[in-house]
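K.L.:
Just dropping this structure here.
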Amino acid sequence: MNDTHLTQQAFSGLGLPEPLLAGVLSAGFTHCTPIQAATLPKALAGHDVAGQAQTGTGKTAAFLLAVFNRLLMVPSPADRRPNQPRALILAPTRELAIQIHKDALVLGAGCAQSIQLAYGGTGYESQRKAIEEGVDILIGTPGRLIDYFKQHVFDLRALEVMVLDEADRMFDLGFIKDIRYLLHRMPPVDKRLSLLFSATLSYRVMELAYEHMNNPELVRIEAEKMTAERVRERLYHVAQEEKLPVLVGLLRREQVSRGLVFTNTKHAAERVQGWLEANDFAAAVLSGDVPQQKRQSLLADFQGGHFPILVATDVAARGLHIPDVSHVFNYDLPQDAEDYVHRIGRTARAGAAGEAVSLACDEYAFSLMDIEAYIGHKIPVARVTDDLIVSLRRPAHKAPREHVGHHARTRGESTARDRGHRHSSRRPHEEARGPRRPAPAASPAHTASLAPKPAPSRPAEPRPAEPVRPHGRKAPEKPVLG
């Protein structure tokens, strides 16, 4: 945690139970971030809180400390069954749920609470068994949780704390009906502590808060305050055909240790990745249909530095916790102003500095006015200089490919392959069969008769008598094409 991002509020001054404070200090935290300093006193006092905060601001620790505090300060009911969680934390994505679970294990190491995880894509039976054996804090995504709930794997009658993280994304991903389903099966709002966090406190989020929370206290951190000082924003106006050359030119010029490139569609993400690899930038695609195990492997490789560029769509990247992202590139300007804040919030986390570079083309420039109105300032415009519009090598023909974590091509290998395809008239299926056998050299006489051969002749038929011209001359024969 960057010291410049901290407040004067020390965790030791919040009155946390000793086991919980020990977990905080062992994690290396001494002072609160702004969102923690604003929300923790209210939540620890038992008040519902609706807070505006992005990932990377310390909000996860804020609600986890409130959850642990409540469970430690209030004894568990004697008649509570093992499969009745005391706290439920809802997250929109698997990656976010996994990250919350990891943080909970660290902060609550000395709190003697059973913390279980439920998310789709993997581990169906193992997650189910763990919950049935006993759970105090249940963290998960809506789909898997509802699946287990309907099968009576757990119930919510003993619930004391509800946390809804990234509430705006629950709407965007279509989970809001699932969220309402679970909320309606919890104890009344005055019988539980409810905490809601969202990057934006929009009308629909606040409507949900007032409907399912007990007079929540609002904590707002304006978007421009989250981006203006720590994120250096730039905007380049480019033609559609200039976007790829300018992106590659920027990547060559900038010192990108770990970069995220955002596109608006999966097809665009795959296309951008192909061009980046053809021009010596190891990159991978993170789209919404990537299987869970592959996503985890891909993200581990990205965080481990096996490739520096991750090309992603908004849906796929939501809830990701990726530290030390130096650059965010908006290859496509987002069509939703809120997505701009989410995207650039992937860099400059916890007080660090970061670069947010946007390319505004004819197709998506219409959203620029809404974005600037939403963040409250104009994005500085940079000039597209000649050195940014670089010449590109075309990618090889498309083939099914895995992410490039451990097998990115080297510069020489990529160049040779691209040269081969650029000058070859061979079709892809011919490449797969290997080189053709060289044809024998043709003699001059042979060369002269390379015209198409006539079809094999049928058996000769009787030839009709030739007409006789005056003076007994035959009609001239038509020339035969050899």
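Laboratory data are not the source of any read-out in this text; all were calculated from the coordinates shown. All values reported here derive from a predicted model rather than from experimental measurement. Counting neighbours? That spans all protein chains shown, and the Cβs are built from the backbone with ideal geometry, glycine included.
K.L.:
Assign one of three labels to segment 73-142, namely rounded, prolate or oblate, based on the Cα gyration tensor with a ≥ b ≥ c the square roots of its eigenvalues; rounded applies when a/c is under 1.5, prolate when it is not and a/b is larger than b/c, and oblate otherwise. Intermediate results must be reported in sequence, preceding the final value.
P.N.:
Values: a/c = 1.98, a/b = 1.35, b/c = 1.47.
Note, shape of segment 73-142 comes out oblate.
K.L.:
Quick check for me: using +1 on Lys/Arg Cβ and -1 on Asp/Glu Cβ, what's the dipole size of segment 3-221 about its Cα centre, in debye to the nearest 20? Numbers along the way, then the final one.
P.N.:
Values: 21 positive and 22 negative charges, 64 e Å.
About 300 debye.
K.L.:
Might you report the magnitude of the Cβ-based charge dipole of segment 56-102 about its Cα centre, with Lys and Arg at +1 and Asp and Glu at -1, to the nearest 20 debye?
P.N.:
Numbers: 7 positive and 2 negative charges, 7 e Å.
I would put it at about 40 debye.
K.L.:
Of 352, 366, 340, which is farthest along the charge dipole of segment 299-396 in the positive direction, counting Lys and Arg as +1 and Asp and Glu as -1 at C-beta?
P.N.:
352
K.L.:
Now a separate question. Please compare each pair in 129/191; 243/266; 150/191; 42/102; 177/266 to a cut-off of 21 Å on the Cα-Cα distance and tell me which ones are over it. Please report the intermediate quantities before stating the final value.
P.N.:
Details: 129/191 28 Å; 243/266 17 Å; 150/191 23 Å; 42/102 25 Å; 177/266 26 Å.
Beyond 21 Å between Cα atoms: 129/191; 150/191; 42/102; 177/266.
K.L.:
Can you work out ³J(HN,Hα) from phi for every residue in segment 325-339, in order, using Karplus 6.51 cos²θ - 1.76 cosθ + 1.60 and θ = phi - 60°, giving whole Hz and x for Gly and Pro?
P.N.:
In residue order, the calculated couplings are 7, 7, 9, 10, 10, 8, 4, 10, 5, x, 7, 10, 4, 5, 5 Hz.
K.L.:
Let me ask something else about it. Please give the length that would be gained between residue 45 and residue 362 if that part of the chain were fully extended, namely 0.36 nm times their separation in residues minus their C-alpha to C-alpha distance (nm, one decimal).
P.N.:
Values: separation 317, 0.36 × 317 = 114.12 nm, distance 5.16 nm.
Stretched fully, the residue 45-residue 362 segment lengthens by 109.0 nm.
K.L.:
May I ask which residue of 197, 163, 100 lies farthest towards the positive end of the charge dipole of segment 3-221, with charges of +1 (Lys, Arg) and -1 (Asp, Glu) on Cβ and the Cα centre as origin?
P.N.:
163
K.L.:
Between residue 76 and residue 293, what's the calculated FRET efficiency when r is the beta-carbon distance and R0 is 35 Å? Round to 0.05.
P.N.:
Numbers: r = 35 Å, r/R0 = 1.01.
Approximately 0.50, to the nearest 0.05.
K.L.:
Ok, one more. How much length is gained if the chain between residue 133 and residue 158 is pulled fully straight, taking 0.36 nm per residue apart and subtracting their Cα-Cα distance, in nm to one decimal?
P.N.:
7.4 nm
K.L.:
Please give me the summed charge of the neighbours of residue 118: other residues whose Cβ is under 9 Å from its Cβ, Lys and Arg +1, Asp and Glu -1. Each step should come with its number before you reach the end.
P.N.:
Details: positive: 128, 144; negative: 147.
Around residue 118, the surrounding residues sum to +1.
K.L.:
Now for a different question. Mind checking the dipole of segment 243-306: about its Cα centre, +1 per Lys or Arg Cβ, -1 per Asp or Glu Cβ, Debye to the nearest 20? Walk me through the numbers before you get to the answer.
P.N.:
Values: 8 positive and 6 negative charges, 29 e Å.
It works out to roughly 140 debye.
K.L.:
As an exercise, use a Förster radius of 45 Å and the Cβ-Cβ distance of residue 265 and residue 18 to find the FRET efficiency, rounded to the nearest 0.05.
P.N.:
The formula returns an efficiency of 0.30 here.
K.L.:
Could I ask something else about it? Please give the contour-minus-distance gain from residue 185 to residue 114: 0.36 nm per residue of separation, less the Cα-Cα distance, rounded to one decimal in nm. Numbers along the way, then the final one.
P.N.:
Values: separation 71, 0.36 × 71 = 25.56 nm, distance 2.19 nm.
This chain segment gains 23.4 nm when fully extended.
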